[in-house]
Amino acid sequence: MHSNDELIRILKQFQLAHEPYEFSALHIGYINDTYLMSLNNRPKYILQRVNHSVFEDIDGLMNNMTRALSHLSAENYSKIEVVQTRTGRPYWSDEKGYWRIMTYLDNSITFNTTTAKKTAFEAGKIIGIFHKLLEQVEKDPFVDTIPDFHNLDLRERQFKQALSQSPSTRLEVASTAIVFAQKMLLRLSEMAPKGIPVRICHNDTKLNNILFSKETGKALCLIDLDTLMKGYFHYDFGDAIRTIVNTAPEDEKDHQKITFEQDLFEAFIEGIATNGPFLTSNEINALPYGAILLPFLHGIRALTDYLEGNIYYKVSYENQNLDRCLSLFDFTDKAFKNLEYMQNTILGTLVAKAN
C-alpha cells in the first residue's frame with residue numbers, strides 16, 4: 001500500500017481544493033488499490049490505482065467510463081463523477097501506476113451477499129435501469145478493456161494450457177474441479193444461445209458492485225466500471241445471480257451453505273420487470289444460460305489461476321483460488337439443476353408482463 005505522503009502528492013495532481021483529507025485503505029476486489037478519502041470523518045471521494053497489468057488500455061478504460069457516466073444519471077439512478085486532473089484528464093499516471101478519483105455517494109452501502117428479497121428486487125431494478133440508460137448510446141467507441149473477458153472458448157483454451165503445464169501436485173489437489181470443468185464445458189457449448197444483440201454491459205455485476213441507500217434500502221447505482229464494454233445482457237444477469245441468490249461467500253468451503261434461493265431469484269426477476277419490456281425474446285431465453293455460464297466462467301478462471309500458481313487474483317492463502325473455484329462450481333451445479341425452474345419463472349414474469 002501507499003504512504004500518506006504519497007497519496008497527498010497524488011491528490012495535488014487533481015482539481016481538488018487543498019484540504020486535510022484522511023485516507024483509509026478499502027480491501028475490496030482483487031484487482032485495484034482503493035482508498036476512501038474523508039474530510040472531518042465524512043467520506044468524500046474514492047481514490048484508486050488502476051492495475052495496469054490487468055487493464056492494459058487505461059485510456060480506453062477511462063474513455064469508456066466517462067462516456068458511460070455522462071448517460072448514467074436519472075431520477076432513479078444516482079450520478080457518479082470522475083474528478084479531472086489539473087490538465088483536464090480523467091486520470092493521472094506516475095512511475096507507480098495510474099490514478100483516478102471519483103465522487104463518493106454519502107450514506108451508501110454495499111453487500112457481499114443478501115437474504116433480503118427487497119435487496120434482490122432493487123438489484124434487478126437498478127441493473128435494468130443501467131441498461132436502459134445505455135441502450136441508445138453508440139457502441140463503436142467503446143473498447144474492450146479486457147478482450148474476450150466472458151469468452152468461454154478462450155477460458156477453455158487457457159484452462160487446457162494450464163492443465164498441460166501445471167505440476168502434478170496441483171493437478172491432484174484440483175482433480176475434482178478439473179473433472180467438473182471438463183463436463184460443464186461440454187454442456188455449456190451445447191446450450192450456447194444465438195441471435196443475441198450486443199449491449200454496453202457492466203460485465204461485473206456482483207452484488208457488492210451495487211450501491212444501496214443506508215436510509216431507504218433502495219439501489220442507487222452500479223460502481224466499479226472497469227469492465228464496462230460491449231457484451232450481452234445475460235452476462236450481467238448471470239453475474240448478479242451468482243451473488244444474489246447464493247447467500248454464502250464466494251470462497252465458502254462448506255458447500256452445504258451454498259444455496260440457490262428461489263425467493264431471491266424471483267425478487268430479482270421482479271425488479272428487472274419493473275423496467276418494462278426492454279429485452280428481446282432471444283435475450284430473455286438466454287437468461288438461464290447466463291445464470292449457469294457466469295459462475296462457471298469465474299470458477300474456471302480461478303481454477304486456471306490456481307493451476308498456474310496464483311498469478312492473477314490476489315490470494316491470502318495458497319489454495320484460496322481453488323476454494324473459490326469449488327464454491328463457484330458448486331453454485332454452477334445448483335443453477336444447472338434449477339434450469340427448468342428459471343425458465344418457468346422468467347416466462348411467468350418477464351414474458352407475461354411484456355405481453
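The values are calculated or read from the model by the stated rules, or taken from the named source; none is laboratory data. Given the structure is predicted, the values throughout are model-derived calculations rather than measurements. Glycine also receives a Cβ, built like all others from the backbone with ideal geometry; neighbour counts cover every protein chain displayed. We work out accessible area using only protein heavy atoms, side chains counted, and drop any ligands, DNA or RNA first. Shrake-Rupley method; radii C 1.70, N 1.55, O 1.52, S 1.80 Å.
Quick grid of which residues meet (1) touching a Ser or Thr at 6+ places or on another chain (Cβ under 7 Å); (2) open to solvent by 40 Å² or more (accessible area, probe 1.4 Å); (3) within 21 Å of residue 85 (Cβ to Cβ):
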{"residue": "4", "(1), (2), (3)": "no, yes, yes"}
{"residue": "8", "(1), (2), (3)": "no, yes, yes"}
{"residue": "11", "(1), (2), (3)": "no, no, yes"}
{"residue": "19", "(1), (2), (3)": "no, yes, yes"}
{"residue": "22", "(1), (2), (3)": "yes, yes, no"}
{"residue": "37", "(1), (2), (3)": "no, no, yes"}
{"residue": "40", "(1), (2), (3)": "no, yes, no"}
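Whenever a residue of the range 187-211 is farther than 20 Å from residue 148 by Cβ, its partners that are among the small types (Gly, Ala, Ser) and open to solvent by less than 30 Å² (accessible area, probe 1.4 Å), lying with C-beta atoms within less than 6 angstrom and at least six residues away or across chains, give the pairs 210/123; 210/219; 211/108. Selection of the range 317-334 for residues being over 18 Å from residue 173 (Cα atoms) and either of a type in the set (Phe, Trp, Tyr) or not in a helix (DSSP H, G or I) (or both) yields only 331. Tallying residues that are under 30 Å from residue 59 (Cβ atoms) and not aromatic (Phe, Trp, Tyr) within the range 138-189 yields 19.
Annotation: residue 350 fulfils all but one of (1) buried (at least 17 other Cβ atoms within 10 Å of the Cβ); (2) more than 18 Å from residue 196 (Cβ to Cβ); (3) over 22 Å from the mean Cα position of the chain (by Cα); the unmet one is (2).
Within the range 167-181, the residues that satisfy the criterion of being more than 28 Å from the chain's Cα centre (by Cα) and either of a type in the set (Ser, Thr, Tyr) or over 26 Å from residue 293 (Cβ atoms) (or both) are 167, 168, 169, 172. Scan the range 258-313 for residues that are of a type in the set (Gly, Ala, Ser) and part of a loop (DSSP other than H, G, I, E, B) and report the count. Going through the range 258-313 one residue at a time, the tally reaches 2.
Would you mention how many residues in the range 217-242 are of a type in the set (Val, Ile, Thr) and closer than 24 Å to residue 55 by Cα? Looking only at that region, the number is 2.
Considering 314, 337, the condition of being under 26 Å from residue 124 (Cβ atoms), out of contact with any helix residue (DSSP H, G or I) (no Cβ under 8 Å at 6 or more places or on another chain) and surrounded by fewer than 21 Cβ atoms within 10 Å (Cβ to Cβ) is satisfied by 337 alone. Identify all residues within the range 236-257 that are open to solvent by 30 Å² or more (accessible area, probe 1.4 Å) and either part of a helix (DSSP H, G or I) or among the aromatic types (Phe, Trp, Tyr) (or both); write none if there are none. 255, 256, 257 - these are the residues of the range 236-257 that are open to solvent by 30 Å² or more (accessible area, probe 1.4 Å) and either part of a helix (DSSP H, G or I) or among the aromatic types (Phe, Trp, Tyr) (or both).
Looking at the range 137-181, which of its residues are open to solvent by 90 Å² or more (accessible area, probe 1.4 Å) and of a type in the set (A, V, I, L, M)? Within the range 137-181, just 179 meets the criteria.
Checking the conditions here, which among 99, 92 is open to solvent by 40 Å² or more (accessible area, probe 1.4 Å), in contact (Cβ under 8 Å) with a residue 12 or more places away in the chain and in contact with a helix residue (DSSP H, G or I) (Cβ under 9 Å, 6 or more places away or on another chain)?
So the residue among 99, 92 that is open to solvent by 40 Å² or more (accessible area, probe 1.4 Å), in contact (Cβ under 8 Å) with a residue 12 or more places away in the chain and in contact with a helix residue (DSSP H, G or I) (Cβ under 9 Å, 6 or more places away or on another chain) is 92.
Within the range 104-120, the set of residues being touching a strand residue (DSSP E or B) at 6+ places or on another chain (Cβ under 6 Å) and either of a type in the set (A, V, I, L, M, F, W, C) or outside any loop (DSSP other than H, G, I, E, B) (or both) comprises 105, 108, 109. Looking across the range 74-103, just one residue is assigned to a loop (DSSP other than H, G, I, E, B), farther than 24 Å from residue 244 by Cα and under 20 Å from the mean Cα position of the chain (by Cα), and that is 81. A Cβ distance below 8 Å, combined with a sequence gap of six or more or placement on separate chains, defines the contacts here; from the range 56-72, residues that are under 16 Å from residue 202 (Cβ atoms) reach residues that are open to solvent by less than 10 Å² (accessible area, probe 1.4 Å) and assigned to a helix (DSSP H, G or I) in the pairs 68/134; 71/134; 72/130; 72/134. If you filter the range 103-132 down to residues that are open to solvent by 50 Å² or more (accessible area, probe 1.4 Å) and in contact with a Phe, Trp or Tyr (Cβ under 8 Å, 6 or more places away or on another chain), you find that the one that is nearest to residue 42 (Cα to Cα) is 104. Checked against the criteria, residue 34 does not count as in contact with a strand residue (DSSP E or B) (Cβ under 8 Å, 6 or more places away or on another chain) and over 22 Å from residue 315 (Cα atoms).
Close Cβ contacts (under 7 Å, 6 or more residues apart or on different chains) running from residues in the range 238-258 that are touching a residue at least 12 places away in the same chain (Cβ under 8 Å) to residues that are acidic (Asp, Glu) comprise 239/204; 245/261; 247/261; 251/323; 253/323; 255/330; 258/252; 258/330.
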